[in-house]
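Encoded as structure tokens, the structure appears first; notes follow it.
The values are calculated or read from the model by the stated rules, or taken from the named source; none is laboratory data. Only a predicted model underlies this, so the values are computations on that prediction, with no experimental measurement involved. Every residue, glycine among them, receives a Cβ derived from its backbone with ideal geometry; neighbour counts consider all protein chains shown.
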Amino acid sequence: MTKQEKKIKIAKVVEKLKELYPEALCSLEYENSGYKLLVMGRLSAQCTDERVNIVCKELFKKYPDAKSLANGELVDIENIIKSCGLYKMKAKNIKDSARRLHYDYNDIIPKDMDKLLEFEGVGRKIANLLLGDLYHMPAIVADTHCMRICGRLGMYKEGEKNPLKTEKIMSELIKPEEQSDFCHRIVLFGREYCKAQSPRCDECPIRDICKG
């Protein structure tokens with residue numbers, strides 16, 4: 001496919017996903033809090049969003065804001081988030097990030113990618129999630145669902161596992177104002193239909209677009 005053909009195809013997918021998942025909800029229950037989304041985004045690495053939501057009920061009860069987490073005891077944070085995996089590194093990251101957020105940015109998530117990447121444990125995936133959800137900026141969150149499904153759709157070589165490459169390609173194919181919501185919807189679609197193992201192709205609502 002040419003680039004223009006890919007744009008047309010993915011635009012059809014965008015519209016179909018809007019019908020399927022009109023609310024385009026983030027799976028992380030961050031309650032419109034930049035602090036909470038920052039922490040939850042880091043905890044979600046190699047962990048399910050469902051598990052993060054459960055763990056963070058206790059975490060945010062004890063540490064309701066960035067200042068309290070920044071001043072929390074590392075061992076206490078570790079014990080709360082242990083079931084998220086990689087808990088020692090994650091605990092240190094979220095404590096350090098909370099300190100930066102409170103003391104350097106007065107509890108306000110910066111709107112700048114480069115500044116976000118200075119936060120401990122934050123890569124482009126989390127930074128794009130923050131920019132897209134909090135500020136409605138153009139942002140491709142190149143998670144496993146996005147990479148897998150966009151590859152299957154023919155936007156690039158199937159099996160591509162380079163998040164930066166995926167982000168660059170898809171940001172040029174999807175309209176800026178559609179990018180953030182598309183990424184939430186593609187996660188929901190990936191869980192329901194286009195699974196990594198045993199995708200439900202026969203029942204897939206975008207099958208005609210995919211094969212077209």
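Miscellaneous remarks
- Residues in the range 116-174 that are of a type in the set (Ser, Thr, Tyr) and under 20 Å from residue 192 (Cβ atoms): 144 only.
- Within the range 103-118, tally of residues that are under 21 Å from residue 167 (Cα atoms) and touching an Asp or Glu at 6+ places or on another chain (Cβ under 8 Å): 0
- Hits in the range 158-172 (condition: closer than 19 Å to residue 129 by Cβ, in a helix (DSSP H, G or I) and either at pLDDT below 95 or not small (Gly, Ala, Ser) (or both)): 163, 164, 165, 166, 167, 168, 169, 170
- Condition check for residue 59: without any contact (Cβ under 8 Å) to a residue 24 or more places away in the chain, in the same structural domain as residue 119 (by TED's automatic domain parsing) and touching a helix residue (DSSP H, G or I) at 6+ places or on another chain (Cβ under 8 Å): yes
- Applying the criterion of at least 1 residues that are surrounded by fewer than 16 Cβ atoms within 10 Å (Cβ to Cβ) to the helices (runs of 4 or more DSSP H) found wholly in the range 19-76 leaves 49-62, 66-70.
- Annotation note: Cβ proximity below 8 Å between a residue of the range 79-100 that is under 15 Å from residue 119 (Cβ atoms) and assigned by TED's automatic domain parsing to the domain that holds residue 126 and a residue that is assigned to a helix (DSSP H, G or I) and of a type in the set (Lys, Arg) (sequence gap 6+ or interchain) occurs for 90/42; 93/42; 94/42; 97/42; 98/67.
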